[in-house]
Structure formats: C-alpha cells, structure tokens
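Asker: First the structure, then my questions, so here it is.
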Amino acid sequence: MVMADRPEVQTASGPVTALTVMGLAESMLNGLARVPFRRPWHGPGGLLDNVGQSVTRQVVRSFMGYSMGLPIEEFRSMEKILDDICLAVIPPFVGVIDGVEITDDTIGGVPGIWCRAKASSDAFVDDSDDKETIGATILYLHGGGYIGTSPIMYSAFAASLVGITGYEVFIADYRMAPEFPFPAGVLDAADVYQGLLDRGVDPEHLVIAGDSGGGGLATSLVSYLHSHSKPRPAALALFSPEVDLDLDHPSITENAQFDILPWNVPVTPYLHGVQPNDERVSAVHAAPDPEWFPPTFACWGADEMFRDGIREFAEGLQAAGVRVHAMEERGMFHVFPILMPWAESSRRVFRALHELAGRYVTPDPDAEQTH
C-alpha cells in the first residue's frame, strides 16, 4: 500500500496528475542539462564515481525541489505512479540479480513487504538440506523525510541487505505526514515490532534499520520500546539518520550546495506542533543508556546537511557507553549507499555491514519458515 491508497488520503484528478508528472519530467531534464556545467569529473573518487555522484545529486535535487512545491494531493498522486512503476520493475529485477523474493504481508495491523533470499523459501528450493538459513530479521523503516516514498521503492536496497547480511527484511508501510503526523509512524513501527515478537521472532535475532527520516523513526522506536518496557532489539543500523530536527548545526547551511536535500528541509508537517528538540523526535537530545539502547551502526556523508547532528548523536552514544560503529565518508551526500551502491564509499559501508552482521546478532535457526 502506498499513501495514496489509504482512504483518508486525498489525491488529484487524472488530468492534474498527468500534468504533474509531465512537470516532474521537465524539471528532471532541466536538472540533467545543468550537470556538464558543474564540473562533474571533479570529486573525491574516480571518474565514474565523480560523474555518477554529480548526476545523482542533480537528479534527486530536481525531484525533491519540484515535489516540495506541489500541493499534497498532487504529490500523493505522483507518488502513486512512481510506486506502480517500481512495483512493475523492481521485483523481477531483484529476483534475477539478487535472488530475492518479494512478498506482501501485514504485521501488527501494518502492511509491508518481505524481502527474502529465494534459496530460503520452499517455493524455490525443494530439498530442505539445500535451503539457506535466514540469519535474523530486519525491521526496515524507509526514508522520505517522514512524508514520502513507499516500501517497494526501497526493495532494491533491502534486497542488497539480504545478500550482505543473510537476513530477511520486512519494510513497514508506516503512516506518514502531513496526513498522519507524529506519533503515527512511531506507533505503526511499534505495532510491527510487537507483531514480529508475537510471531516468534526473538529480539536477539531482530535488527531495526532505517535511513533518513526512517533512521530518525528507528531511534524514536527504540526510545518508545524502552518507555513501554519492551525488549530491546539486537542492533540498530542507520543510514544518514534524521536525528536532529532542530536543523541548527553549521552543516545545514555549509553543505547545502553539496547535498541532495533541499536547502529548506521540511519538518513541520511531521512535528505538527511538537518541539523539534523533543527527544522523542530528535534522538540527539536523548540520554541513551547501554542497558536499553542497542549496539548501533551508523553511516553518513561528510558533505551532507545532517552531518553535524549525526556526528553529535554518534558521539553521544559512545560517551554513554553504547557500542557504536560509525562511518563518515568523505565527499559523500545524504543516503549515498542507497543512491550510489556502486561507489567505493558505499562498498566500504557494505563490507562493514557484512563484517558486523554476525557480531551483535545471534543467528536464528528457526527463522526459515516461521514468519
């Protein structure tokens, strides 16, 4: 389910939606036309990485800049079309390239999709001796600044996580702002977490992960679990998490010209009156305790706008005694492992994830068919 499919969400008419999509295409073409004038061969990596980074930055900037200027009903209708395209393209792609199967499910009343290695499924492997064991379960909270995108748009990255870690991944289709501001997303994530426990997933075999707004939501979920006396997960994996909604660090302005994010990052629709320094929405202001805050992996780009806030968050975890593996990649922008998986910086992140996958998470020998 995408937000446009929810009965409470308004969408635009067909003709208006068509004009909206045409406007998006024009905006992105205009953005691409600017690439040659921005010296795309210059950067921290090789020629391919530098050009790829420049093109990716301009395309995503154009998309975000255009999207943020739309009325919400037009944004939702455009998002629905993009979701349909991803639904048609990504499942067969990851099935062939990554050997990953995508299936729908509803956990704790919240819809979402599973990404699992085909070799772990009865449908693809008849001989149980040849099945791959699912090492653990990842509850993934997708990014989108708390306002956009959908699980299927993240299924290609989730498929990569399946191959990197040997885990299964459930991407939750949580409610988003402005139709559903805080704490709707946190409550949905908590329902999925409890639903996984109810299905027999041991918290020692469960990882919470997320990127951007989904990364911030993941930290809010950990705090929520603690305040409601729920068992903590085995680990937390964060990719450029949005953990400081104050947006008052120097990197917010200093890195605006280098990042993919719009210079006016929207947080008001999600907060809906909640103060941005509230520790429930900005984990950088929380007081973590290693007794309840799980071991954490965090990566971010040195050129992203959220850099300083994430640095402060990671340093706060370390000072509190929480086990942290932090990676800041030179010359990279927001959520670079998702947008540029071929880049050397992204490959370093993936290698670290592969190495850490078995360090804090106990393999679950019963996970193959139970969830």
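The values are calculated or read from the model by the stated rules, or taken from the named source; none is laboratory data. On a predicted model such as this, the values are computed, not experimentally measured, just so you know. Don't worry about glycine lacking a Cβ; one is built from the backbone with ideal geometry, like all the others, and counts go over all protein chains shown. What goes into the accessible areas is simple: the full protein's heavy atoms, side chains included, and nothing from ligands, DNA or RNA. Shrake-Rupley method; radii C 1.70, N 1.55, O 1.52, S 1.80 Å.
Asker: Heads up, I need the accessible area for R61: 1.4 angstrom probe, whole protein in place, Å², nearest 10.
Answerer: Roll a 1.4 Å probe over it and R61 shows about 60 Å².
Asker: Continuing with the same structure: Any chance you could check the Cα centroid distance between segment 224-290 and segment 306-328 for me, in angstrom?
Answerer: 12
Asker: Taking the Cα atoms of segment 144-208, report the difference between the largest and smallest coordinate on each principal axis, in whole Å and largest first.
Answerer: 35, 27, 13
Asker: Still on this structure, please answer the following. Once you list every other residue whose beta carbon is under 13 Å from the beta carbon of M327, what net charge do they have if Lys and Arg are +1 and Asp and Glu are -1? Spell out each step's value before the answer.
Answerer: On the way: positive: R307, R311, R330, R347, R348, R351; negative: E304, E328, E329, E344, E355.
Neighbourhood net charge equals +1.
Asker: Taking only protein heavy atoms and a 1.4 Å probe, what accessible area per residue, in Å², does segment 1-121 have with all protein chains in place? Could the numbers behind the result be given before it?
Answerer: Details: 6290 Å² over 121 residues.
About 52 Å² of surface per residue is accessible.
Asker: Can you give the local net charge around P250? Use residues other than it whose beta-carbon is closer than 10 angstrom to its beta-carbon, Lys and Arg +1, Asp and Glu -1.
Answerer: Numbers: positive: R307; negative: D248, E254, D308.
Charge balance near P250 sits at -2.
Asker: How much accessible area per residue does segment 235-349 have, in Å², with a 1.4 Å probe?
Answerer: 40
Asker: Over the chain, what is the relative contact order in percent, taking alpha-carbon pairs closer than 8 angstrom and at least six residues apart? Kindly include the intermediate steps, with their values, before the conclusion.
Answerer: On the way: 700 pairs, mean separation 60.8, N = 371.
With pairs under 8 Å counted, the relative contact order is 16 percent.
Asker: Then there's this: Taking the mean number of other Cβ atoms within 10 Å as a proxy for protection, how do you rank 29-35, 148-154, 162-168, 53-59 from highest to lowest? It would help to have the intermediate numbers written out before the result.
Answerer: Details: 29-35: 13.4, 148-154: 24.4, 162-168: 21.9, 53-59: 20.1.
The densest-packed peptide leads the list: 148-154, 162-168, 53-59, 29-35.
Asker: I've got another one for you. Using only helices, what value at 222 nm comes out for the chain when you add -39,500 (n - 2.57) per DSSP H run of length 4 or more and divide by the total residues, to the nearest 500 deg cm²/dmol? Present the calculation step by step, with values, prior to reporting the outcome.
Answerer: Values: 11 runs with 149 residues, N = 371.
-13000 deg cm²/dmol, from helical runs alone.
Asker: Would you tell me the accessible area of F336, worked out with a 1.4 angstrom probe on the heavy atoms of the protein chains, in Å² to the nearest 10?
Answerer: Near enough 0 Å² of accessible area.
Asker: Enter the accessible area of W292 (Å², nearest 10), with the probe set to 1.4 Å and all protein chains included.
Answerer: 50
Asker: Check I138: other-chain or 5+ apart residues with amide H under 5 Å from its amide H, H built from backbone geometry?
Answerer: Excluding prolines and chain starts, which carry no amide H, the hits are E168, V169, F170, V207.
Asker: Taking K and R as +1 and D and E as -1, what net charge do the other residues with C-beta under 12 Å from the C-beta of Q194 add up to?
Answerer: Values: positive: R199, K230; negative: D188, D191, D198.
Around Q194, the surrounding residues sum to -1.
Asker: Give me the percent of the accessible area of the chain that comes from carbon and sulfur atoms, probe 1.4 Å, all protein chains in place. Before the final figure, lay out the partial values.
Answerer: Numbers: 8690 of 15650 Å².
The value for the chain is 55 percent carbon and sulfur by accessible area.
Asker: Then there's this: Computed FRET efficiency, Cβ-Cβ of D278 and T133, R0 45 Å: what is it to the nearest 0.05? Kindly include the intermediate steps, with their values, before the conclusion.
Answerer: Working: r = 41 Å, r/R0 = 0.91.
E(calc), rounded to 0.05, equals 0.65.
Asker: Got a sec to turn the phi values of segment 311-319 into Karplus ³J(HN,Hα) couplings, 6.51 cos²θ - 1.76 cosθ + 1.60 with θ = phi - 60°, whole Hz, x for Gly and Pro?
Answerer: 4, 4, 4, 5, 5, x, 5, 4, 5
Asker: Please list, in chain and number order, the residues 5+ apart from F297 or on another chain whose amide H is under 5 Å from its amide H, with Hs placed from the backbone.
Answerer: The answer is L236, A237, L238, H325.
Asker: Would you please give the residues with an amide H less than 5 Å from that of V100, counting only those at least 5 places away or on a separate chain, with H modeled from the backbone geometry?
Answerer: It is G95, K118, by chain and number.
Asker: How big is the equivalent ellipsoid of the chain along its three axes, where each semi-axis is √(5λ) from the Cα gyration tensor, reported in whole Å from largest to smallest? Kindly include the intermediate steps, with their values, before the conclusion.
Answerer: Values: eigenvalues 171, 118, 100 Å².
In descending order, the three semi-axes are 29, 24, 22 Å.
Asker: Working with all protein chains in place, sort H228, H249 by solvent-accessible area computed with a 1.4 Å probe, largest first.
Answerer: On the way: H228 95, H249 40 Å².
Putting H228, H249 in descending order of accessible area: H228, H249.
Asker: In debye, nearest 20, what is the charge dipole magnitude of the chain about its Cα centre with +1 on Lys and Arg Cβ and -1 on Asp and Glu Cβ, if you could check?
Answerer: On the way: 24 positive and 50 negative charges, 223 e Å.
It works out to roughly 1080 debye.
Asker: Using only C-alpha atoms and all pairs of different ones, pull out the Kirkwood radius for segment 181-263 in Å with one decimal. Let's see the in-between values first.
Answerer: Values: mean 1/r = 0.0710 Å⁻¹.
Hydrodynamic radius (Kirkwood, Cα only) of segment 181-263 equals 14.1 Å.
Asker: With all protein chains present and a 1.4 Å probe, how do S346, S13 order by accessible area, largest first?
Answerer: On the way: S346 0, S13 60 Å².
Reading off the accessible areas and sorting them downward yields S13, S346.
Asker: Here's another thing I want to ask about it. Kindly identify segment 221-371 as rounded, prolate or oblate by the Cα gyration tensor criterion: order the square roots of the eigenvalues as a ≥ b ≥ c, call it rounded if a/c is under 1.5, otherwise compare a/b with b/c, prolate if a/b is larger, else oblate. Before the final figure, lay out each step's value.
Answerer: Values: a/c = 1.85, a/b = 1.20, b/c = 1.54.
The shape class here is oblate.
Asker: In µm²/s, what is D for segment 216-300 at 25 °C and 0.890 mPa s, where D = kT/(6 pi eta Rh) by Stokes-Einstein and Rh is the Kirkwood radius from Cα pairs?
Answerer: On the way: Rh = 14.1 Å.
Rounded, D is 174 µm²/s.
Asker: Follow-up question, since we're still on this one. Quick one: Cα convex hull volume of segment 1-117, Å³ per residue?
Answerer: Numbers: hull volume 17.7 nm³, N = 117.
Each residue corresponds to 151 Å³ of Cα convex hull volume.
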